[in-house]
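Each remark here refers to the structure printed beneath this line.
The values are calculated or read from the model by the stated rules, or taken from the named source; none is laboratory data. It should be emphasised that the depicted structure is a prediction, and the values quoted were computed from it without experimental measurement. Accessible surface areas use protein heavy atoms only, side chains included; no ligands, DNA or RNA. Shrake-Rupley method; radii C 1.70, N 1.55, O 1.52, S 1.80 Å.
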Amino acid sequence: FPPALRFQVSSNGELSSIPAEPIAADLRAEGDGRHDAFLKVAAGLAGVGFDELKQRELQRQVRRAAAVSVFSFLLLTVMAGLAVAALFARREAVTQRSIAVQERDRAEENFWEARDAVDRFYTKVADDDLLRAEGLQPLRRDLLEQALRYYHRFLEQRGSDPAFASDAAVVQANVASILLEVGDPADALMAAQQATKVFEVLHSAVPTDPATAGRLADSLGVEATALDRLDRT
């Protein structure tokens, strides 16, 4: 190499006797390697010692590794917290779902108990000859109207549900029978016709069921009575 490359140049442009660090590196694996070769070139361009620049690089790597470690730890902590929160939320959801199912089942049970009680109440009022005696007719009418209000609420809640078609038809038949006594025969006829349609379908499906056949006959009887009162005999 010429002297200009082997010795440092003073500020006035004259060569000195101080050896210069060449901006060169050995990229081979058995030499400096790619990483140290890059640092050597960078050190020469920046005018700093290779060892100083390598120490800076090591410190940078340590700081980066520390930052990555801290970030990873924080991320792991957050994820662990979210996992624990999700676990508790799932347990709470399962508990609330179980409570909701229990409450639904209890409400359903109470509903059918109330329905059964009203059915017994209606049958008692309808069949009790004592309530037909003179002077007790207003009481009988009032009791039948109370049953009628409940049956209307049942139809509002369950009347359109196919799963309750048979129950709704029974209720419609009861409504028709009550309306024959305390209401408009035209309304009684309409309710009886709705019940008859369902009983006809059920009877066609199981012709040998005596309960359905009896209900169908009763519903047709209410229709006949309502038509007679409407002078449509």
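The accessible area of F7, taken with all protein chains in place and a 1.4 Å probe, comes to roughly 60 Å². For the chain, the longest principal axis of the C-alpha atoms and the axis of helix 33-46 are separated by about 70°.
Taking E200, E14 and ordering them by how much accessible surface each has at a 1.4 Å probe, largest first, produces E14, E200. What whole number of Å gives the distance from the Cα centroid of region 104-182 to the Cα centroid of region 43-98? The distance from the Cα centre of region 43-98 to that of region 104-182 comes to 70 Å.
To the nearest ten degrees, helix 165-182 and the longest principal axis of the Cα atoms of the chain are 40 degrees apart. Going by accessible surface with a 1.4 Å probe and the largest first, I23, I178 read I23, I178.
Computed from the alpha carbon positions, the gyration tensor of region 17-173 leads to an equivalent ellipsoid with semi-axes of 97, 14, 11 Å, biggest first.
Enumerate the aspartates and glutamates that K40 could reach by cross-link, defined here as Cα to Cα under 16 Å, with residues fewer than 8 away along the same chain left out. Here the aspartates and glutamates satisfying the reach criterion relative to K40 are E21, D26, E30, D32, D51, E52, E57.
Between A67 and A186, residue separation times 0.36 nm minus the direct Cα-Cα distance comes to 34.3 nm.
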